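Before any comments, here is the structure.
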Amino acid sequence: MKIQTLRSKLAIAVSLVLTAGLVATGLPSAQATTSGLLPTAAQLKAWKGKTISYYFYNDSQAELDTTKAQIADFEKLTGATVKLDVIPFTNYDPTLQARLAAGNAPDVARLNNPGFYIKDALDLEKYLGRKYAAEFLKGSTLQVTHPTTKKLIGVPYDLSVNGPFINVDMFKKAGVAVPTSWNWTELVAAGKKVQKATGSEYAFAIDKTGHRVSTVMSHFGAYMVDKNQKNVLPTSKFRAEKAVKIITDLYKQDLAPRDLWVGTGTKYSSPTAIFLGQQTPIFFSGNWQVASLKKDAKFDFAAVPNPKELNGGGWPGGKFLQAFNASKTPDLAAYFVHYLADTAQMETMDKNAFWLPTRVDLVAKGVKYADRSEDMAVFQSDAAKTPAAAYGIQSVPTLTAPIYNNLRDLMTDIMGNKITVKEAIAKQIVFIDAQLATLKK
Amino acid sequence: MTNSSNTVNRRRSVITWRRRLMPYLFVAPNMLIFLTFIIWPAIRGFQISFFDSIDGRTFTPVGTGNYRAIFGDPTVAEIAKNTAIYVIFYVIISTILSIAFALIVNEQQFAKGFFRAILFLPVMLSPVVVGLIWNDVLDRKVGPLNALLEAIGGGSPGWLIEPKLGMIAVIFVGVWVHLGFYSIILLAGLQGIDRSLLEAAAMDGATRTQIIRTIILPLLKPTTLVILILATIHGFQSFDFIYTLTGGGPFGATTLIVQYIYDRAFQSPIQYGLGSAAGVILFMIIFAFTALNFLVGKKRQAI
């Protein structure tokens, strides 16, 4: 009960902190903007009977169900048809790349890595106006702003924040208090204690991506690329070594699921099933997991604050909506993007799928989640605490994926004792330099 | 008379022409599909191997740069070694076991159809599903195989985290997937052997082992050659179930050449040209091994 009260108070407090934080970091102040733009009679006439395709993946069933309902409403509104292509996340980008190469571009896509598709993106400003970008958080629009024309080529669809979840039942059983603040040493100690007390297979698990590990690096004050597209890892390499060592040691000591990291080669893998199977008391992922965990967890779980070393907070991420310039009906595609990112539709999606909003008006107003609001408050709080330097890597949207992937693969080599942490960070510095050099070509 | 003779000749000529044309018409649809989906993409792949492309839409000519990059890549030697180990063990084990299973199933009288279906069942599963299933089965801590091994005091081997065990796991699963297919082909070969030869040998006092060694296996050579060729091709092309089983891990121990192609072409940073060049090299390797198998097999048959 005490924990619940604390969390409720936290929920109220962080909404205020989040808004204040966003303003303080130079993001646009909250201003309600026009939404619910209705199509004109001429547009309706032109769109009637037209079909557009929407390339989509979902982290939870709630996202898919809400999307289907929104599409149905959009079809009623416009008379057009939306063909929903649901693609598994594992092969999401390769499949889209292949479709684009084959001249079979979708009209609209939900993207995790918009940097891959800059050349293929539709200039949304042409259809939605120059001021449209201001409806979204400035930090979130960096990745969907054309690097040279500076025009909006996509829309931030949700803001994601990395952070840990804990199995509250296991913590209680072990007599370990649910953390309200902690550092990495305390997190590891708590994980070990709960593992020992409950006999779980592991003490900790983290998604196998460089993106998630970057959060840990950020806690220790280490970053890879700054907002000026410079390699800043050399200046924080000792901090990076500390962060990487903490994670790789957990895997080397078998306190984290080696099978899932080492045994999956170069693939992305998430230990969601391991957390759901109560094989680990701590699961480091992000807010997009809330809907799935809510649906599938047979135990009490909670999102808890990110550990704080030099910094606290999460690591920015999110998904984006992008229309493609190969669309045969670009105005309809742009309108569909506008429709999905509209205040009402985004609020519905945020509520149903436990997303964090990217619209300035929704951030100001605050999304009232029907359930798990304490968890969402924790993520919102961590979003506000995320250091500005964490957004630096978004200045190189085409390079984020290779930089994260290389970090992931180097960590695998550390776990296999093929290289030391020091060598891995040195290699990552060289790799980032080589990647940044490609920008100048 | 002349007129009717001419008419008959013309009719015969038309019939002959139709007969000549008919087989081509029958294979035409298949050839069209083959040309469209195999030959044309292969030609394009060869062409792309001389370009650099990060998106499959813009291409920069690099000459033989991609081939030089592959041969200069230190990981390629490791991948070639993995591929060689996998193919050698996979081909040998698959061939021996499929012959053994074909012989057993051929002799079986009870529930013949049932056992043949069981043997063939893995072939019908999607390789992706096969990889996922075995990934669960081989999990070190919660997999049923290790639960069984622990129960009998066999410990908990790290099938998916120890490089050598990872290779053993993918060879085992690869054999498991294809065994039924090869066995069925060999079974057809076995059933084509004239039974009077076997009966005559038995009457002459030949033992079962002697019959197998001196009659069945020599007569089964053409079918075995087909199995060897198919297994070699499958071995070199193995990817889908390995990707879902180990992802090429642990530490690259099960990364074979097709995954190298996939990673170059579809994993960030994307390099379609490099992937295509590796594909061309793989084609040449498979072609060389297939030709070698075929020629050696032919030569032995001639002897």
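Would you check which residues across segment A:265-285 are crowded, with 24+ Cβ neighbours inside 10 Å and out of contact with any Asp or Glu (no Cβ under 8 Å at 6 or more places or on another chain) and list them?
A:265, A:275, A:281, A:282, A:283
Suppose we keep only residues that are more than 11 Å from every other protein chain (Cβ to nearest Cβ) and assigned to a loop (DSSP other than H, G, I, E, B) within segment B:233-255. Which one would you say is farthest from the chain's Cα centre (by Cα)?
It comes out as B:239.
Pairs needed: first member in segment B:184-212, within 17 Å of residue B:225 (Cα to Cα) and assigned to a helix (DSSP H, G or I); second member anywhere, at pLDDT below 90 and among the charged types (D, E, K, R); C-beta distance under 9 Å; at least 6 residues apart or different chains.
B:184/B:116; B:187/B:116
Could you say whether any residue in segment A:414-432 is in the same structural domain as residue A:240 (by TED's automatic domain parsing) and within 22 Å of the chain's Cα centre (by Cα)?
yes
Of all residues in segment B:32-63 being within 27 Å of residue A:119 (Cα to Cα) and of a type in the set (Val, Ile, Thr), which is farthest from the other protein chains (Cβ to nearest Cβ)?
That would be B:43.
Of (1) part of a loop (DSSP other than H, G, I, E, B); (2) farther than 20 Å from residue A:65 by Cβ; (3) without any contact (Cβ under 8 Å) to a residue 24 or more places away in the chain; (4) of a type outside the set (Ser, Thr, Tyr), residue A:397 satisfies all except one. Which?
Unmet condition: (3).
On the basis of being within 28 Å of residue A:377 (Cβ to Cβ), of a type in the set (S, T, N, Q), crowded, with 22+ Cβ neighbours inside 10 Å and in contact (Cβ under 8 Å) with a residue 60 or more places away in the chain, does residue A:181 make the cut?
No: the conditions fail for residue A:181.
What single numbered condition from (1) closer than 16 Å to residue A:408 by Cβ; (2) within 14 Å of another protein chain (Cβ to nearest Cβ); (3) hydrophobic (A, V, I, L, M, F, W, C) fails to hold for residue A:244?
The number of the failed condition is (2).
Applying the selection to segment B:67-85, what residues are free of Cβ contacts under 8 Å to residues at least 40 places away in the same chain, among the small types (Gly, Ala, Ser) and either more than 13 Å from residue B:258 (Cα to Cα) or not in a helix (DSSP H, G or I) (or both)?
Matches in segment B:67-85: B:72, B:77.
With B:55, B:136 as the choices, which residue is in contact (Cβ under 8 Å) with a residue 60 or more places away in the chain, over 30 Å from residue B:209 (Cβ atoms) and surrounded by fewer than 18 Cβ atoms within 10 Å (Cβ to Cβ)?
Just a single option satisfies the conditions, and that option is B:55.
With respect to the numbered conditions (1) surrounded by fewer than 21 Cβ atoms within 10 Å (Cβ to Cβ); (2) part of a helix (DSSP H, G or I); (3) assigned by TED's automatic domain parsing to the domain that holds residue A:352, which one is the sole condition not fulfilled by residue A:173?
(3) is the only condition that residue A:173 fails.
Can you confirm whether segment B:149-162 contains a residue that is surrounded by 13 or more Cβ atoms within 10 Å (Cβ to Cβ), among the hydroxyl-bearing types (Ser, Thr, Tyr) and not in a loop (DSSP other than H, G, I, E, B)?
The answer is no; no qualifying residue exists.
Out of all the residues in segment B:260-275, which are without any contact (Cβ under 8 Å) to a residue 60 or more places away in the chain and either surrounded by 24 or more Cβ atoms within 10 Å (Cβ to Cβ) or assigned to a helix (DSSP H, G or I) (or both)?
Across segment B:260-275, the qualifying residues are B:261, B:262, B:263, B:264, B:265, B:266, B:275.
When segment B:256-280 is examined, which residues are found to be among the polar types (S, T, N, Q) and within 11 Å of chain A (Cβ to nearest Cβ)?
Listed by number, the residues that qualify are B:259, B:267, B:268, B:271.
Just to be sure before I move on: is residue A:437 of a type in the set (A, V, I, L, M, F, W, C), surrounded by fewer than 21 Cβ atoms within 10 Å (Cβ to Cβ), within 14 Å of chain B (Cβ to nearest Cβ) and assigned to a helix (DSSP H, G or I) in the structure I sent?
Against the criterion (of a type in the set (A, V, I, L, M, F, W, C), surrounded by fewer than 21 Cβ atoms within 10 Å (Cβ to Cβ), within 14 Å of chain B (Cβ to nearest Cβ) and assigned to a helix (DSSP H, G or I)), residue A:437 qualifies.
The values are calculated or read from the model by the stated rules, or taken from the named source; none is laboratory data. None of these values were measured; they are calculated from a predicted model. Note that each Cβ is placed from the backbone with ideal geometry, even for glycine, and that neighbours are counted across all protein chains shown.
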